[in-house]
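Notes follow once the structure below has been shown.
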């Protein structure tokens with residue numbers, strides 16, 4: 001394993017004692033309700049479809065953690081997990097350490113403010129370690145992990161004091177190890193995987209730590225891959241609990257068993273795990289994970305999700321009327337999610353031609369929202385149940401079939417209601433996709449339907465990201481941006497009066513005055529010439545005065561595409577006639 005890999009830290013926010021409590025009573029996720037009631041008769045079942053509160057808190061806490069990142073590598077994993085790449089922060093603070101006095105160190109949280117930070121003892125690890133005791137010397141890697149543990153402890157305390165949430169943290173050198181080691185001391189602590197990370201005889205801490213995990217618990221090894229690995233080791237399909245949707249195994253196969261098998265390696269795993277739809281190199285990838293190696297980078301922080309997906313599962317869905325009803329419900333949820341995740345309040349007031357010139361007569365409650373990103377694709381996925389076997393049993397199948405189409409533009413219309421948008425989306429897009437997936441009118445026996453907005457394209461924003469910049473805001477801000485280059489008449493000493501109901505005509509007069517071109521007087525003749533090319537000659541002065549005269553006359557002439565208001569005499573482009581007339585009507 002490369003010891004120069006960046007130091008990564010995983011924070012699992014929102015991890016509360018609830019999970020430990022339900023496990024204590026024998027309950028776990030994806031368990032059938034009938035089994036849960038049988039095991040714990042006092043269990044209370046509530047509808048968990050609306051995750052708005054959890055989603056909002058997750059976004060808030062993610063933004064809080066992201067504010068501590070310097071390189072913006074802050075990757076979300078679901079609602080309650082975040083990876084943070086902190087190599088740059090550790091590099092900076094390593095350079096500030098006094099190696100002769102590690103006990104009195106200061107962790108700097110900002111490059112710009114040397115006082116922002118906290119005191120700590122760099123000679124010790126904050127929180128738990130794996131293994132609990134280690135006589136490994138304080139080398140460069142261990143010292144870096146020490147700093148990472150103190151930074152993690154600081155974030156945990158800030159998260160609890162400022163936001164009221166506890167979390168668990170894992171500190172190691174890659175995403176795989178930091179995620180796994182963070183599971184050791186739940187729900188309110190942290191663990192650092194300390195060196196040695198490599199050895200010639202296999203006695204390193206990475207190997208001893210990962211060997212005790214069941215193969216299905218390794219991140220990156222999904223349900224199907226774990227099934228194939230168990231079947232190869234057991235020489236038969238593993239026994240599963242039929243009560244769970246994803247088939248919890250009753251027969252564990254540990255990582256150690258696979259690693260120590262004489263016939264297994266990257267090439268053998270490629271043959272075992274490869275097949276149609278499997279990416280090339282899956283054997284080397286899985287073999288690396290089983291040995292604690294993970295070279296995947298922490299993703300960049302994002303303001304918007306990569307996709308928005310809504311789904312529901314069914315006991316039996318086999319008629320077009322039922323499918324249409326469910327598609328409508330899912331579409332409403334999708335549009336709501338798009339509004340919640342992809343819209344933001346615009347800082348500027350809504351400025352349209354309807355309100356130009358109305359002043360205080362414009363509605364006060366008019367606010368605008370803008371899209372942060374636009375999904376370009378909508379995808380419909382279903383999961384049909386396989387037909388029954390002759391003995392009445394049914395094979396397990398988790399395969400989905402999908403069809404995609406371009407996201408219609410009407411979905412981004414904020415003037416229509418969510419119900420009307422969802423109805424149009426079902427009628428014009430989703431039902432045609434559904435009929436392409438299932439040409440038959442009935443009899444599909446679907447167990448799941450999913451719709452997703454994908455292929456996000458960032459919208460124009462002031463940060464320069466997206467497909468361009470917001471030209472509307474650029475025009476609104478141009479006076480402030482160009483203020484330092486604006487030329488003012490020296491005779492103007494009084495500031496402009498505040499705009500009010502009694503100063504509307506004054507404002508019109510000022511606009512007319514501003515529309516007049518500035519007359520630049522011709523330069524005076526200078527008798528004492530020194531030969532400088534910066535000073536025009538007499539003939540040049542004459543031509544300059546002539547050019548200035550003609551420019552002035554040209555600008556004073558009324559353009560054919562201009563409009564002269566008969567009521568107030570203002571001159572404006574033709575496209576402004578309507579708005580100007582409405583202004584007169586309201587004043």
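Quote the FRET efficiency, to the nearest 0.05, computed for residue 251 versus residue 346 with a Förster distance R0 of 45 Å and r equal to the Cβ-Cβ distance.
Given R0 = 45 Å and the Cβ-Cβ separation, E is 0.20.
What full-extension length gain, to one decimal in nm, is calculated for residue 445 and residue 235 as 0.36 nm per residue of separation minus the Cα-Cα distance?
Computed gain between residue 445 and residue 235 is 72.3 nm.
How many percent of DSSP beta bridges within region 8-200 run antiparallel, rounded to 5?
75 percent
Kirkwood Rh over Cα pairs of region 212-302 into Stokes-Einstein at 4 °C, 1.567 mPa s: D in µm²/s?
After rounding, the answer is 93 µm²/s.
At 10 °C and a viscosity of 1.306 mPa s, what translational diffusion coefficient does Stokes-Einstein give for region 74-217, taking Rh as the Kirkwood radius over Cα pairs? Give it in µm²/s as a whole number.
99 µm²/s
What's the exposure ranking of 52, 168, 377, going from fewest to most Cβ atoms within 10 Å?
Fewest to most other Cβ atoms nearby, the residues stand as 52, 377, 168.
Mind sorting 82, 449, 169 by how few other Cβ atoms lie within 10 Å of their own Cβ, fewest first?
Ascending Cβ contact count within 10 Å gives the list 449, 82, 169.
Based on the alpha-carbon gyration tensor of region 308-458, what equivalent-ellipsoid semi-axes (square roots of 5 times the eigenvalues) come out, in whole Å, largest first?
Output for region 308-458: semi-axes of 41, 14, 12 Å.
Just to verify a number: FRET efficiency for residue 121 and residue 300, C-beta to C-beta distance, R0 = 25 Å, to 0.05?
E(calc), rounded to 0.05, equals 0.15.
If the chain between residue 388 and residue 138 were fully stretched, how many nm would it gain, using 0.36 nm times the residue separation less the Cα-Cα distance?
Gain in length upon complete extension: 83.8 nm.
What is the fewest-to-most order of 456, 572, 84 by other Cβ atoms lying within 10 Å of their Cβ?
The order, fewest Cβ neighbours first, is 572, 456, 84.
Over region 212-302, calculate the relative contact order: mean separation of alpha carbon pairs under 8 Å at least 6 apart, over the residue count, as a percent.
Value for region 212-302: 25 percent.
Please give, to one decimal in nm, the separation of the simple spin-label points placed at residue 71 and residue 400, each 7 Å out from Cα toward the Cβ.
Spacing of the two 7 Å Cα→Cβ label points: 3.2 nm.
Bear in mind that the values in this text are calculations on the coordinates, not laboratory data. Treat the numbers as computed from the prediction; the structure is a model and nothing was measured. In this analysis, Cβ positions are derived from the backbone assuming ideal geometry, glycine residues included, and neighbour counts consider all displayed protein chains.
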